[in-house]
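The values are calculated or read from the model by the stated rules, or taken from the named source; none is laboratory data. On a predicted model such as this, the values are computed, not experimentally measured, just so you know. Glycine gets a Cβ as well: all are built from the backbone with ideal geometry, and neighbour counts include every protein chain shown.
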Amino acid sequence: MGEAASQGVVARLISRAVQSVFVVFVAASLTFLLLQLAPGDPISAIADASNVPTEVRAQWRAQQGFDQPVATQYVRWIGNVARGQLGHSTSQQRPVRAVIADRLPNTLLLMGLALGASLLFGASLGAWQATRTGSAADRAVSFTSLVLYSVPEFWFALMLLFVFSYWIPVLPATGMIDVAMHGSMSSGARLWDRLRHLVLPWTALTVMGTAIFARYQRVAMRDALSEQFVRTARAKGLTTWSVYWHAFRTALLPTITLAGLFFPALLTGAVFVERVFGWPGMGSALLTAINSRDYALVSASVIVGSAMTALGSLFADVLRALADPRLRRV
Amino acid sequence: MTTPVRVPDLSGASLASLSGEMRSMSPVVSSRQRRWRVPFLFIVLLATVAVFAPALAPYSPDIPANYDAIQNLAPSRAHPFGTDGLGRDVLSRVLFASRISLSLAFASVLLSLVLGTSYGAIAGLVGGGIDRWLMRGLDVALSIPRLLLLLAVTAFWENLPLTALIMLLGTTGWFDVARLVRGEVQRLAQQDFVTAARATGVRGARMLRVHVLPHLVPLLIVNATLSVAATIALEAGLSYLGLGVQPPTPSWGNIMAEGSGGMASQWWLSVFPGMATVIAVLACHALGDALRDRFALDQVPA
């Protein structure tokens, strides 16, 4: 905090942005290293399956540049990543870029809606608890969020699926739209169809996120309420609600900072949730790619996921600067 | 005025537990001080179940001779958790899986503690430019989502053996420990007793071992407990995707994987191993939380 305030928010954001670029570079290098260390190469992944003769394999290798020295291949790979050329996905039979353009928005939609809702619900719930710490209600909510926080997201998703799609079949089990019917629906019905498909995956991610943010906000708000300015505000005769509002805004800062750190957890959650609900996002594309040894798409997913995480902490910094007047001074 | 507080026997916890003691001046806190007992009891219970799994399990975890007669049975008195597609008793498999799931998490967390403590202690003691670069490296490492990295490795190397899985989870799980240890070491380095030790000529490894490490114990215990929770969940997730522990070795995650095809018809394959996972993760989280409050470690994130 102190460092951030003295450094100036712009300088800090620039250093964050530089770091994000570096993260992408490291992720690209790491995937290259893994690919080099792994048994076999992308060619053998395809060729083993279809019994391709040795000469043809050698020809393919030469075509793709896999016969070049490692250093040459590395420079070429980094250059390609920098230009956004991530190769050809063998599992989807199209360029990796096309897969990302197609799938990433679906993942971002799910993650964005879940992140926004978790922050809203979690911060409110935690703040509400902080105004009555130690009460039976506080302890009950704390225990519930600890339990929910301990439930692996894929299992929670499975249970939601079981209860709301099979046991009480009110919601669709898989996908983003009803593929058979969607084309013939009116625009209102299409929206309704999309919402119905969104409910379960969104709930699975949001419940987990709400539990985490409530835990953060409860502690932060409790700390804020014990600070001097709260006593001053009370002494001045402000209403209870207005005192709470002051404390809430103060407590929101550490919570927002943690929202950046929460990003990897959200991404992990999204991979599992997409798998369980057949949500057509990057996560389910990645899992299909793994099963069919689609190295290009796997590498691209690691790079994209790392870039998203780095941008997530950058985004958290921007949000915090917006919420904290002290950080707005450049 | 104060109720007597029993200090749990955790040697080396002196400094941090002392500040925990200061907080215990009100009677409300003293009940909170004992909050670690119930989750600790659960963990002991789970460990006992894991150790005595062969004695406790009603059946063998392997495919029985009469497997074709007892496939996919719903829970009953003979098979309280039902049977799977190969006629194996799910209760027995869940019991045997606790050995794999718990020891795998424990071993990999131990490895990550060693790695993280070394890295963090070096960064904290050396300081200066080297420390800045080491920390920047950690920032970058923390930006690469652990799950994606694990998925990539399991994609490139299929069917990893258990030891490889432990190494993999251990070597990707130490970044946050390193950061916490470094902060704590820096704080300790400014304390009078370290200055005094330095004045008497204590340096390097001896300084670390005798004067710094003992004070890190509370931090490491709390972090290890929370990491074990995270690792149990992560392993369950990986095995559920078919990329972690490979069948026929049972783990809570891969039993659930067998049930994922027929969620509606074979709910018992997902529900019971899932509940075992939740209990283990919850017990570790609750213990970690309670110990963090007990040792007054505000620097460990919730």
Qualifying positions in the stretch B:44-79 - in contact (Cβ under 8 Å) with a residue 60 or more places away in the chain, under 23 Å from B:ILE279 (Cα atoms) and of a type outside the set (Gly, Ala, Ser): B:LEU46, B:PRO61, B:PRO75
Which residues, counting only those in the stretch A:124-163, are of a type in the set (S, T, N, Q) and either farther than 30 Å from B:SER265 by Cβ or not in a helix (DSSP H, G or I) (or both)? A:SER124, A:GLN129, A:THR131, A:THR133, A:SER135, A:SER142, A:THR144, A:SER145
The correct count of residues that are more than 24 Å from A:PHE262 (Cβ to Cβ) and aliphatic (A, V, I, L, M) in the stretch B:117-152 is 7
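Of a type in the set (Val, Ile, Thr) and over 29 Å from B:THR225 (Cβ atoms), is that true of B:ILE63? Talk me through it step by step, then tell me what you get.
Numbers: of a type in the set (Val, Ile, Thr): yes; over 29 Å from B:THR225 (Cβ atoms): yes.
In short, yes.
For the stretch A:285-297, which positions are crowded, with 20+ Cβ neighbours inside 10 Å and either touching a Lys or Arg at 6+ places or on another chain (Cβ under 6 Å) or outside any helix (DSSP H, G or I) (or both)? If you could, list the steps in order and put the result at the bottom.
First, pick out the residues of the stretch A:285-297 that are crowded, with 20+ Cβ neighbours inside 10 Å: A:285-287, A:289-290, A:293-297.
Hits for the stretch A:285-297 are A:ALA285, A:LEU287, A:ARG293, A:ASP294.
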Residue satisfying condition, being among the hydrophobic types (A, V, I, L, M, F, W, C), over 22 Å from the mean Cα position of the chain (by Cα), more than 13 Å from chain B (Cβ to nearest Cβ) and under 29 Å from A:ALA323 (Cβ atoms), within set A:ALA123, A:ALA127, A:ALA136: A:ALA127
Residues that are surrounded by 16 or more Cβ atoms within 10 Å (Cβ to Cβ), within 14 Å of chain A (Cβ to nearest Cβ), over 30 Å from B:ARG182 (Cβ atoms) and touching a Gly at 6+ places or on another chain (Cβ under 8 Å): does the stretch B:101-110 have at least one? yes
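If we scan the stretch A:147-159, do we find a residue that is of a type in the set (Gly, Ala, Ser) and away from chain B (no Cβ under 13 Å)?
Looking through the stretch A:147-159, none of the residues is of a type in the set (Gly, Ala, Ser) and away from chain B (no Cβ under 13 Å).
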Can you find, within the stretch B:134-143, the residue that is nearest to A:PHE272 (Cα to Cα) among those that are surrounded by fewer than 21 Cβ atoms within 10 Å (Cβ to Cβ) and within 12 Å of another protein chain (Cβ to nearest Cβ)? B:LEU142
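What residue, of A:ALA300, A:ALA265, A:ALA307, is among the aliphatic types (A, V, I, L, M) and either over 15 Å from the mean Cα position of the chain (by Cα) or crowded, with 24+ Cβ neighbours inside 10 Å (or both)?
The match here is A:ALA300.
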Lone unmet requirement of (1) within 27 Å of A:ILE256 (Cα to Cα); (2) out of contact with any Phe, Trp or Tyr (no Cβ under 7 Å at 6 or more places or on another chain); (3) not polar (S, T, N, Q) for A:ILE212: (2)
Test: residue in the stretch B:240-257 that is aromatic (Phe, Trp, Tyr) and modelled with pLDDT under 90: no
From (1) without any contact (Cβ under 8 Å) to a residue 12 or more places away in the chain; (2) more than 21 Å from the chain's Cα centre (by Cα); (3) surrounded by fewer than 20 Cβ atoms within 10 Å (Cβ to Cβ), pick out the condition that doesn't hold for B:PHE156. (3)
Please work out if A:GLN73 is out of contact with any Phe, Trp or Tyr (no Cβ under 6 Å at 6 or more places or on another chain), touching a residue at least 40 places away in the same chain (Cβ under 8 Å) and farther than 30 Å from A:VAL276 by Cα. yes
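Quick grid of which residues meet (1) of a type in the set (Lys, Arg); (2) crowded, with 19+ Cβ neighbours inside 10 Å; (3) not in a helix (DSSP H, G or I):
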| site | (1), (2), (3) |
| --- | --- |
| A:VAL199 | no, no, no |
| A:LEU205 | no, yes, no |
| A:ALA214 | no, yes, no |
| A:MET221 | no, yes, no |
| A:PHE229 | no, no, no |
| A:GLY237 | no, no, yes |
Here's a check for you: in the stretch A:290-305, which residue that is under 21 Å from A:PHE66 (Cα atoms) and at pLDDT below 90 is nearest to the other protein chains (Cβ to nearest Cβ)? A:ILE290
Just to verify a result, which residue in the stretch A:3-40, among those that are within 11 Å of chain B (Cβ to nearest Cβ) and at pLDDT below 80, is nearest to A:LEU319 (Cα to Cα)? A:ALA38
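Right, A:SER91: of a type in the set (Ser, Thr, Tyr), within 26 Å of the chain's Cα centre (by Cα) and away from chain B (no Cβ under 14 Å) or not?
So A:SER91 fails the test.
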All-but-one check, A:ALA173 against (1) of a type outside the set (Val, Ile, Thr); (2) in a helix (DSSP H, G or I); (3) closer than 25 Å to B:LEU147 by Cβ, failing number (2)
Please state which of the following conditions A:LEU109 fails to meet, knowing it meets all the rest: (1) closer than 27 Å to A:VAL26 by Cβ; (2) at pLDDT 90 or above. (1)
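This table checks each residue for (1) of a type in the set (Gly, Ala, Ser); (2) within 22 Å of A:VAL170 (Cβ to Cβ).
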residue: A:LEU191; (1), (2): no, yes
residue: A:THR203; (1), (2): no, yes
residue: A:VAL219; (1), (2): no, no
residue: A:ALA265; (1), (2): yes, no
Of all residues in the stretch B:144-174, which are within 14 Å of another protein chain (Cβ to nearest Cβ) and of a type in the set (Val, Ile, Thr)? B:ILE144, B:VAL153, B:THR154, B:THR171, B:THR172
Residue ID - nearest to the chain's Cα centre (by Cα), chosen from residues in the stretch A:239-262 that are surrounded by fewer than 15 Cβ atoms within 10 Å (Cβ to Cβ) and among the β-branched types (Val, Ile, Thr): A:THR240
Quick check, is A:TRP167 over 29 Å from the mean Cα position of the chain (by Cα) and within 14 Å of chain B (Cβ to nearest Cβ)? yes
